[in-house]
Structures are given as C-alpha cells and as structure tokens.
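First comes the structure, then the notes that go with it.
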Amino acid sequence: MGIFNHRGVSAAVLMVSLLLAACGAKSQPGGGAGQQGPAPVGVVVVHTEPVSLTTELSGRTSAVQVSDVRPQVSGVIQARLFQEGAYVRAGQPLYQIDPATYRAGLDSALAGLAQAQAAAEAARLKAARSTKLVSEGWVAPQTNDDAQATYRQAVAAVSAQKAAVQQARIALQYTRVLAPISGRVGKSSVTPGALVTAGQAAALATIQNLDTIYVDVTQSAADLMKLKRDMASGELGAPGTAQVTLILEDGSVYPTPGQLQFSDVTVDEGTGSVSLRAVFPNPNGVLLPGLFVRARIAKGVAASGILIPQASVTRDNKGQAQVYVVGGDNKATPRILILGATIGDKWQVVSGLAPGERVIVEGLQKVRPGAAVQPQLIGAKA
C-alpha cells in the first residue's frame, strides 16, 4: 500500500511539471528564452543655455595689514600695557620704556634753549644800538656789521636749541610704545625688565588687522592664456561678476563672497603660474591668516553651453565618458563625450551632444547597446 502511494505522488508531480513546461512554451513564442518588451527608461532632452564656468584654485589667507611693533628708542621695558591676543586700536600704548634718561635730556634741551634765547636778546639789543650809533657816526660801519652778524648767529642758535628740544620731546614720547595700526596683537617677545634697542631686528609684538582678509591663489599661465583666447574668439563671454566664493578646509562655504582684486602681471619662472588675489570681509574674525582654502572664481560664460545630469554619465573600458542616446527608432546608442567642469549636479558637455537629443538618465542598468527602449520624458530640459 505504501509503495502504491509513493508511485501515485511521483506520477502527479511529473504531470504538474509537464503542464508548467507547456505553459512556459506558450508564453515564449518561437521557443526563445527570457525575451521581454522594450525596457522603460527615463530620458532628458538636451538643450543649450548660458553657462557660467568656474574654476577652483587653492591658496592661503593673509591679513590685509600686518605691523611689527619695534622700539624707536633704547631702554629697559618697565611695563607691558596690553593683553596678548586682544584687539588694540591704533595709538594705544603697548609698552612703557624707562623714561628717566629721556626726561633729563628734555630738561637739558629746555635749559639750553633758555640760554640761547637770553643770548639772542642781548645780541638784539646790541645790534639795535649799533644801528643807531652808526647812523650818527659814533660807530664804525665794520663794528655795526659785526654786531648784526652776532645777532643773526644768536637767532640761529635759538632755532637749533628749539630743534633739540623737539628731538628730546619726541624721544621721551617714544618711551611709550604705541600701536601703529588697529587689530589683533599676538604674543609679546619681551617681558618687563628686558633691555631693548632702537632699530632692533626682533619685533616686540605683531599686530594683524583681520577685518579684511586676502586670499592669494595661483593659476596656470597656460589656463589663463586659453581663457583669453576663448574670450577673444567669442566662445566665452566675460563673467558678469567678479565675485569669488571661498571653500574652507572642512568643506564648508564661507557665507560672504569676496571680490577679485587683481591678477599678477608676471609669470613665475619656477612654477609657470600667475598669482591672483581676492579680498574677503571678515567681520566676525572667522578667517585667520595662514588658512588653506579653495577659491571658486568665475572664468566666463558659455553662451551655448550644454549641461547633463551626472547620473547619465558612465565610463567605458577605456575610461572615456559616455552616455546612452535614444534615437528616432527608440534604440539606445552609446555616445562618447568630452566633458568640462562640474556645475552643481551636472556635467558641462564640451563635445559629443547636440540640442534636441534624448539622453538616458534613469534605467541605465537595463540598457544594452542597440537595444530597443521605451523612453519616458522626466524633464523637458536637461
């Protein structure tokens, strides 16, 4: 009985298998295996539009104003009058040098001025009397000439002493070392009690004005020459703005755009590059000197540029960029492209596509060269 049941089940399974095979044969006309209709794909229609082309160049930031604080007179530092790292204003006292010697020098100059003024007054009176007496014939002309010359010498001595007083007063003022510019002051290289000298090489401190920041970048001279040729031929128009976008080290974009200030007129012989400088406002002090950044600069405007989504671009075995174009017969054909810059989520097409062509963006995994597809427009424009 058990043997009979086993044989009955086997026969039933065999019959079901034959029925399924027969159904499969009917669903595949001509006996082919796995044949289906055209694969649905999403396409975009290529069109031309003005495209602003940009380039990203690496560079570093620097302060617009940098001033080293150095003593203009020699002496011993009595006090440091600022906090390191603080914001200081132009004219603010930073150091006090011992003024005793320079105060004594000023007093001595003032005494010399008083003496010269007294001598000049005596010479003036003598010259006046001599002028009167010579007119009356009581004094020889030579004697009068000597009196007049003595008076002029006394006046000159007064002027010299006034200059000495001014010089001594300036030296005394220089004992109070002032900030030459406004900005952030760095660390101090000296402490109270240190001896400093006029014109020394080492700075006492450095002040940097960070309200505005320079960004210096370099561009290949060859790229600059090509850009000028493209503009001269009309292929590129001049950029509509000289604004520069700054990309920081962490990849974030600095919120305030800068302005391209100038490009150097000399090519660096060692690197074959040209220097460019942009200026960025820095009201919050986010940008610090020495930062490594990337500057995105507008190169020009392509009046008839073509952009396609990056998702539509693949690479062939040779690494060349290609897309699949749907022809009038709704068959997918691979097309090799020459691409330019990336603009947002799109590629700029330098050559390989014409306006009006349909490019596959979605369903690329189902597409084979020459295969029929069912295009579905996902956007009237690329």
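The values are calculated or read from the model by the stated rules, or taken from the named source; none is laboratory data. None of the values given here were measured: they were computed from a predicted structure. Glycine also receives a Cβ, built like all others from the backbone with ideal geometry; neighbour counts cover every protein chain displayed.
Checking V217 against (1) modelled with pLDDT of 95 or more; (2) surrounded by 13 or more Cβ atoms within 10 Å (Cβ to Cβ); (3) of a type in the set (A, V, I, L, M, F, W, C); (4) not in a loop (DSSP other than H, G, I, E, B), which single condition isn't satisfied?
Failed condition: (1).
Quick one: in region 320-351, which of the residues that are of a type in the set (G, A, S) and within 20 Å of G363 (Cα to Cα) is nearest to the chain's Cα centre (by Cα)?
Result: A321.
Among the numbered conditions (1) loosely packed, with under 14 Cβ neighbours inside 10 Å; (2) within 26 Å of Y102 (Cα to Cα), tell me where Q142 comes up short.
Condition (2) is where Q142 drops out.
When you scan region 305-328, do you find a residue that is exposed (fewer than 15 other Cβ atoms within 10 Å of the Cβ), assigned to a loop (DSSP other than H, G, I, E, B), touching a residue at least 60 places away in the same chain (Cβ under 8 Å) and not hydrophobic (A, V, I, L, M, F, W, C), even just one?
no
Could you list, in sequence order, the residues of region 117-139 that are surrounded by fewer than 15 Cβ atoms within 10 Å (Cβ to Cβ) and of a type in the set (V, I, T)?
The one that is surrounded by fewer than 15 Cβ atoms within 10 Å (Cβ to Cβ) and of a type in the set (V, I, T): T131.
With the structure loaded, tell me whether L353 is assigned to a loop (DSSP other than H, G, I, E, B), in contact (Cβ under 8 Å) with a residue 60 or more places away in the chain and over 30 Å from Q208 (Cα atoms) or whether it fails that test.
Yes; evaluated as a whole, the condition is true for this residue.
Kindly indicate whether I343 is of a type in the set (V, I, T), buried (at least 18 other Cβ atoms within 10 Å of the Cβ) and not assigned by TED's automatic domain parsing to the domain that holds M225.
Spelling it out, it is not the case that I343 is of a type in the set (V, I, T), buried (at least 18 other Cβ atoms within 10 Å of the Cβ) and not assigned by TED's automatic domain parsing to the domain that holds M225.
What pairs come out if I take residues in region 248-263 that are touching a residue at least 24 places away in the same chain (Cβ under 8 Å) and pair them with residues that are of a type in the set (S, T, N, Q) and surrounded by 14 or more Cβ atoms within 10 Å (Cβ to Cβ) whose C-beta lies under 9 Å away, six or more apart or interchain?
Within 9 Å, the pairs are Y254/T245; T256/N282; G258/Q243; G258/T245; L260/Q243; S263/Q219; S263/S275.
Starting from residues that are among the polar types (S, T, N, Q), under 18 Å from A298 (Cβ atoms) and at pLDDT below 75, keep the ones in region 221-267 and report whichever is surrounded by the most Cβ atoms within 10 Å (Cβ to Cβ). Give the steps one after another, and end with the answer.
Restricting attention to region 221-267, the residues satisfying the condition of being among the polar types (S, T, N, Q) are 233, 241, 243, 245, 252, 256, 259, 261, 263, 266.
Right, trim to under 18 Å from A298 (Cβ atoms) and you get 241, 243, 245, 256, 259, 261, 263.
Retained after the next criterion (residues that are at pLDDT below 75): 241, 263.
Values: T241: 10, S263: 12.
Step by step, filter region 221-267, then rank; the result is S263.
Of the residues that sit in region 268-294 and are assigned to a strand (DSSP E or B) and at pLDDT 90 or above, which one is farthest from G85 (Cα to Cα)?
R294
Among the residues in region 95-112, are any closer than 30 Å to L287 by Cβ, surrounded by 15 or more Cβ atoms within 10 Å (Cβ to Cβ) and touching a residue at least 12 places away in the same chain (Cβ under 8 Å)?
Yes, region 95-112 contains at least one residue that is closer than 30 Å to L287 by Cβ, surrounded by 15 or more Cβ atoms within 10 Å (Cβ to Cβ) and touching a residue at least 12 places away in the same chain (Cβ under 8 Å).
Identify, from the list V73, V51, V64, V88, the residue that is at pLDDT 95 or above, under 30 Å from the mean Cα position of the chain (by Cα) and among the β-branched types (V, I, T). Reasoning before the result, please.
Numbers: V73 fails: under 30 Å from the mean Cα position of the chain (by Cα); V51 fails: at pLDDT 95 or above; V64 fails: at pLDDT 95 or above.
Of the residues listed, the single one that is at pLDDT 95 or above, under 30 Å from the mean Cα position of the chain (by Cα) and among the β-branched types (V, I, T) is V88.
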